[in-house]
Each structure stands twice: as C-alpha cells, then as structure tokens.
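Notes for the one structure printed next.
The values are calculated or read from the model by the stated rules, or taken from the named source; none is laboratory data. Nothing here was measured: the structure is a model prediction, and the numbers come from that model. Glycine also receives a Cβ, built like all others from the backbone with ideal geometry; neighbour counts cover every protein chain displayed. Just the protein is used for accessible areas: all its heavy atoms, side chains included, with ligands, DNA and RNA removed. Shrake-Rupley method; radii C 1.70, N 1.55, O 1.52, S 1.80 Å.
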Amino acid sequence: MSAGIVFHLLAAMSYAILAVALWRPLARAENQDKVKAGTIRRVCLAGAIVLHGIGLVSIIIPTHGLFLGWAVALSAAVWLGLLVFWLENLVMQIDGLLLILLPTAVIATVLATLFPGGHVIAHASSDWLRTHLLIALTAYGLITVAALQAVLMAALDRQLHRPVQSEASRSMFDRALNSMPPLLLQEVLLFRLIWIGFAILTLTIATGIVVSLRLYGVAFPLDHKTVFTLLSWATFVVLLLGRHTRGWRGRIALRWTLIGFTFLLFSYSGSRFVLDVILQRGYVG
C-alpha cells in the first residue's frame with residue numbers, strides 16, 4: 001500500500017470522526033441554532049487537511065514525473081476547497097458548512113483510495129506545465145466548493161419557502177439546514193469564491209495557451225479539456241456580467257454556477273473517469 005493511500009485513509013477517518021461529531025447533535029434532535037466547530041475541532045480539521053495534503057503530494061508527485069487520475073483530481077479539488085474554507089472561517093462564522101464539506105471530503109478521499117489508477121503526465125519536467133497544473137487544480141478546487149455552496153443554498157432556499165414545521169416533525173436534514181449561516185452571508189461567500197475561481201480559471205487558460213504553444217505549437221488544441229474549460233469560463237463570464245448589470249442572485253445565480261461547474265467537471269474528472277474506470281485505459285506509472 002502506497003504512502004499516498006495510507007495518508008488518504010487517515011484523512012478520511014479524521015474527516016469522518018469530525019463529521020459524526022457535528023452531525024450527532026442534529027441526529028439526536030438537540031436544540032441548537034448554529035453549528036459551532038470550536039477551537040479543538042478546528043485544530044483537528046487543520047490536522048486532517050495536512051494529512052490529506054501529504055497524501056496528495058505523495059500520489060501526484062512521485063519519484064519521477066507527475067501522476068494524475070480522476071479520483072486524485074477530485075480529491076485535490078476538495079482538499080483545496082477545505083483549505084479555502086478553513087481560511088475563510090477565520091474571519092466569517094461559517095461552521096455550518098462543515099456539515100456538507102466533511103462528508104464530501106470523506107467521499108473524495110475514499111474514492112482516491114479505491115480508484116488509484118491514472119496516468120503519468122507527459123513533459124512533467126516542464127516548469128510551465130507544472131505551474132499550469134497547479135493553477136488549474138486551484139481553480140478546480142475553488143469552483144468545486146462554489147458548486148457545493150450553490151447546492152446548499154438551493155436546498156436552504158427551498159426550505160425557506162416551505163410551511164413552518166414543529167421541532168418534533170423536522171428531519172435531521174431540516175435541522176442541519178436551520179443551523180447553516182444566513183443566505184445573505186452564504187451569497188457573499190459564494191460570489192467571492194466565484195470571482196477568485198474565475199480569475200484563477202482565466203489564468204489557467206492563459207498558462208495553458210503558453211504550455212500548448214511551447215509543447216505542441218498550437219494555442220487551442222481541439223480536445224475535450226479545452227472545449228469544456230472554455231465553456232465553463234464563458235458560463236462564469238455570463239454569470240458575473242448578469243450579476244453586475246442585472247443584479248442576478250438567488251436561483252438564477254445558483255443555476256449558472258452549477259452549469260459552469262459541470263462543464264469544468266467534464267473537462268477533466270468526467271472524461272478521466274470514463275477512461276480510467278469504465279474503459280480502463282488509465283495506468284499506474
């Protein structure tokens with residue numbers, strides 16, 4: 001068993017323990033307005049993030065070259081998202097988001113251990129390529145968290161339009177939604193993530209052009225990664241323009257966010273899942 005898988009398993013167990021600790025009061029219908037992680041849990045979360053990061057480095061940067069697979073890319077995206085959350089949580093009270101982030105982290109780390117296959121990146125010695133991949137994974141991570149945020153906000157918006165329920169009749173999921181940060185605060189966080197993610201996605205495209213020109217002599221190779229990345233970028237352009245000129249918010253903003261994320265997901269993880277798992281064309285190098 002590789003070191004990367006071991007650290008992913010340790011991170012998965014850490015995330016799972018923290019998730020159970022936060023969800024347990026809701027399962028017991030204990031009365032609490034907000035989820036509060038507390039100092040000890042935040043320190044434990046930082047430790048889990050460190051374990052997760054070590055696992056990613058061990059897998060992605062082996063002795064020679066670069067290695068990447070769909071599950072590892074998804075794990076890296078979630079790791080970056082958790083890192084952003086941890087930093088944001090220093091200035092904003094958004095502990096409630098851990099109710100969705102921690103289970104997502106457990107799934108992502110477990111998938112990386114179950115599906116370790118992938119492929120060795122060609123031209124891994126190129127500094128430009130390494131920089132491009134780092135920037136791309138950062139954009140991927142930020143937009144992944146923005147998508148999770150959009151899903152959570154959509155569920156919360158739907159709940160707010162339902163008739164008021166008594167405490168006894170509310171499900172655990174309803175109590176979880178009630179413990180989330182206010183929608184307005186979440187919307188501020190969502191568009192902050194989208195703006196930063198869009199800026200880094202733009203930088204991803206720019207560095208991708210440089211890498212493609214240096215290695216292949218063309219700026220935009222007509223492959224699925226390029227097409228879906230550009231579609232994702234264009235979707236976020238429309239969303240941010242709509243936000244600026246027409247004040248888009250609420251459900252329309254959430255829909256555009258999820259569409260942009262879907263295009264970005266297809267640009268790498270979706271296609272690699274088909275190749276590595278369904279068609280079994282990935283290989284371990």
### Flag if residue 201 is in contact with a Gly (Cβ under 7 Å, 6 or more places away or on another chain), touching a residue at least 40 places away in the same chain (Cβ under 8 Å), closer than 23 Å to residue 253 by Cα and in a helix (DSSP H, G or I)
no
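Determine whether residue 74 is in contact with a helix residue (DSSP H, G or I) (Cβ under 8 Å, 6 or more places away or on another chain), touching a residue at least 60 places away in the same chain (Cβ under 8 Å), open to solvent by less than 30 Å² (accessible area, probe 1.4 Å) and within 14 Å of residue 145 (Cα to Cα).
So residue 74 does not fit the description; no.
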### Query
Does residue 113 fit the bill of being of a type in the set (S, T, N, Q) and within 16 Å of the chain's Cα centre (by Cα)?
no
### Query
Condition test on residue 248, is it surrounded by 15 or more Cβ atoms within 10 Å (Cβ to Cβ) and not in a helix (DSSP H, G or I)?
yes
### Task
Looking only at region 20-34, decide whether some residue is modelled with pLDDT under 90, open to solvent by less than 10 Å² (accessible area, probe 1.4 Å) and under 19 Å from the mean Cα position of the chain (by Cα).
no
### Complete set of residues in region 80-137 that are of a type in the set (D, E, K, R), open to solvent by 40 Å² or more (accessible area, probe 1.4 Å) and touching a residue at least 60 places away in the same chain (Cβ under 8 Å)
130
### Task
Report, by residue number, each residue of region 204-222 that is part of a helix (DSSP H, G or I), open to solvent by 20 Å² or more (accessible area, probe 1.4 Å), in contact with a Leu (Cβ under 8 Å, 6 or more places away or on another chain) and at pLDDT below 90.
215
#### Entry: Members of region 187-213 that are within 18 Å of residue 244 (Cα to Cα) and of a type outside the set (A, V, I, L, M, F, W, C)
187, 192, 197
